Amino acid sequence: MLHFSSHTFEGETIIFIRDYLHILYVPAPYLYNAAYYRLDCSANKDLKETLIQYIEHNLNAAKTAEALFIHRNTLFYRLNRISKYYGIDTANYLDLTNFYIYHLHKIKREER
């Protein structure tokens, strides 16, 4: 189970993400990226779900395509659209990690 909290340190908001073994500190501007928000609010929910599944399948295209019941070429087409229209580099581990943390944080906020 992940626990989220935020604190202000020297004028900057820091998001703390804790599980049972780790604590991750993420500066809020990285977590609240406008591109993540635009993708999250997009009418095209397939793109958001594609990116989440891609991350959850450790960037393995074959397993992601199988989980989504789509062809691998369709997966690559969707990932290219995400990069082009939302500016999220689907080959950049930091971009993907930050988006996933944003996604998990949003889920936790909605559970309250």
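Points worth noting:
- Subset tally (residues that are part of a helix (DSSP H, G or I) and surrounded by 15 or more Cβ atoms within 10 Å (Cβ to Cβ)) for region 41-65: 10
- Selection of first residues in region 72-100 that are on the phi > 0 side of the Ramachandran plot and of second residues that are of a type in the set (Gly, Ala, Ser), restricted to Cβ pairs under 7 Å at least 6 apart or on distinct chains, gives the following pairs, ordered by first then second residue: GLY87/ALA35.
Where a number appears in this text, it was derived from the coordinates with a stated rule and is not lab data. From a predicted model like this one, the values you see are computed outputs, not experimental measurements. Positions of Cβ are generated from backbone atoms using ideal geometry, with glycine treated the same way; all protein chains shown enter the neighbour counts.
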